[in-house]
Amino acid sequence: MKQTLTALLGEAAVHSLAELGDRAPHLRPYLPERALLVTPPTPAEGAAVVACAQREGWRVLPIGAGTKLNWLGNTPKADIFLRTTAWHKLIDHAAADMTVTTQVGIPFQQLQQHLAAAGQWIAADPLFRETATLGGCLATQSNGTLRQRYGSWRDQLLGVKFIRSDGQIVKAGGRVVKNVAGYDLMKLLIGSYGTLGILTEVTLRVYPLPDAVQIWQLQGETTALGGGLAAILSSSLAPARCVLRLEPTGRLLLELEFHTLREVLALGMLGDRLSEIARTHNLRLESQSPSGIVLNPTPEQVILKIGVPLKEMLPTLNQLHRLATELTCGCRGEMSAGVGYVYLQGKEEHLRQLILRLRQRIPQGYVTVLGAPLSLKQQLDAWDYRGNAFKLMRLLKQQLDA
């Protein structure tokens, strides 16, 4: 296999997985010993690798910077790890049309810095955004709390190019905001972890950088917070983020971030309206500096992604805190628009019990285990698929692989 791939790409593009494992020790359990790490210089050469793998019966797993490789459910059954980091060309930034077209191997933060020079940005805050590639963020549907206002990756994507299982490069969508032709393959690829196709190039909508940002926190009893949250969601206020945050101490708070104009802030209208909501619901209102959860990959880290109906966010975080206290686990997290990320620490058996019991208490939703030691994932269904979702996804993949 190595000889064939070396003849196809050259020695500089084919390596053993020890290179990736040495840089990221927590990923070693997810790296099959005999698999190869392949970095095609161009998408066309990546397509040639996929075509060759199909002929030879080799299994291919695409990766970017590897920041979320341990988000897989188990040790991947892969012969080739196809790394996209060499595909980092920024193809077109149409600032007037507010779109950007780029290859997917570009680091997310590097793309943001380029757009910032033109007063624009991609309105997303994925995990590991300092090191992750754009393609990795899209393939894992790694969203943050900005989806409250700007939508998820699926809402911001306008067009894609990707490699099919037979090695053909195809495209869906286009480079304009109004594009309704054909099947919406783009939404299928986002969050598919590379199982339906390997992204090579994407077109995203961009937004003007906020003229001004203001952050407020509402603090108080759980019932009062619930009332305050309901009042904000039913009002004409339009926060970019509306985040319920669970701190390690067990304290719950509601954080609001507004992207607006400096003239609006100067009038003090936001503060006045929030003060009225705070008084009505017996909450404390404070102005804050930007904050958030910083999750860095470590061997003992456990990250959960939780999805529930909007009205269940507060009860879910309360349940989580009670279970963590009972099982002596460290816990912090945040939820917005029904989706959130939780960071846990503790003994493995206690963490397993916490996850299983939390799933039992969330009948409408999911609790997915993203980052975790492999030994813990082997004791659980990491994805928490419910109903017929998993069967449907298998059938869909079979159709696309045919």
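Below 8 Å between Cα atoms, with a sequence gap of 6+, how large is the relative contact order for the chain in percent?
On the way: 758 pairs, mean separation 57.5, N = 402.
It comes to 14 percent, rounded to a whole number.
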Quiz item: Simple spin-label model, 7 Å along Cα-to-Cβ: D272 to A86 in nm?
Solution: 6.1 nm
Quiz item: Roughly how many nanometres apart are two label points built 7 Å out from the Cα toward the Cβ at M98 and S16?
Solution: 5.2 nm
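Between T325 and Q364, 0.36 nm times their residue separation minus their Cα-Cα distance comes to what? Write out the running numbers ahead of the final one.
On the way: separation 39, 0.36 × 39 = 14.04 nm, distance 2.33 nm.
Fully extending the segment from T325 to Q364 adds 11.7 nm.
Hey, got the dipole for the stretch 36-191? About the Cα centre, +1 on K and R Cβ, -1 on D and E Cβ, debye to the nearest 20? Numbers along the way, then the final one.
Values: 16 positive and 10 negative charges, 47 e Å.
Rounded to the nearest 20 debye, it is 220 debye.
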Quiz item: Which whole-number percent gives the relative contact order of the stretch 59-165, counting Cα pairs below 8 Å spaced six or more residues apart?
Solution: 22 percent
Quiz prompt | Cα-centre dipole for the chain with unit charges at Cβ (Lys and Arg positive, Asp and Glu negative), debye to 20 | solution = 820 debye
Quiz item: Dividing the alpha-carbon Rg of the chain by 2.2 N^0.38 Å yields what?
Solution: 1.03
Quiz item: Can you give the Rg and Dmax of the stretch 85-243 based on its C-alpha atoms, in angstrom?
Solution: 17.5, 57
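When DSSP assigns beta bridges and you keep just the ones with both residues in the chain, what percent turn out antiparallel, to the nearest 5?
Numbers: 65 of 72 bridges.
Approximately 90 percent, going by the DSSP bridge assignments.
What helices in the chain pass both tests, a Cα length along the helix axis of 15 Å or more and a mean Kyte hydropathy of -0.5 or higher, using whole DSSP H runs? Present the calculation step by step, with values, prior to reporting the outcome.
On the way: long enough: 43-56 (20 Å, 0.21); 222-233 (16 Å, 1.56); 269-280 (17 Å, -0.18); 313-326 (20 Å, -0.16); 348-360 (18 Å, -0.85); 389-401 (18 Å, -0.08).
Membrane-span-like by this criterion, though nothing is claimed about a membrane: 43-56, 222-233, 269-280, 313-326, 389-401.
If one computes P(r) from the Cα atoms of the stretch 2-83, what percent of pairs lie at distances over 18 Å? Please report the intermediate quantities before stating the final value.
Working: 1182 of 3321 pairs.
So the pairs more than 18 Å apart make up 36 percent of the total in the stretch 2-83.
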Quiz item: Among all the lysines, which ones have a C-alpha under 19 Å from K171's C-alpha, if same-chain residues fewer than 8 places away are not counted?
Solution: K89, K161, K187, K397
Practice problem: Could you work out the Kirkwood radius for the stretch 168-288, taking every pair of different alpha carbons, averaging 1/r and inverting it, reported in Å? | Solution: 17.7 Å
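How much net charge surrounds L225 when only other residues with a Cβ under 12 Å from its Cβ are counted (Lys, Arg +1; Asp, Glu -1)?
Details: positive: R245, R251, R284; negative: E221, E255.
Once all neighbours under 12 Å are counted, the net charge is +1.
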Quiz item: Hull surface divided by four, with the convex hull built on the Cα atoms of the stretch 302-389: how many nm²?
Solution: 5.2 nm²
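Only the coordinates and a few stated rules stand behind these numbers; no lab work does. The shown structure was predicted, so the numbers you read here are calculated from the model rather than taken from an experiment. Methodologically, a virtual Cβ is constructed for each residue, glycine included, from the backbone with ideal geometry; neighbour enumeration extends over all protein chains shown.
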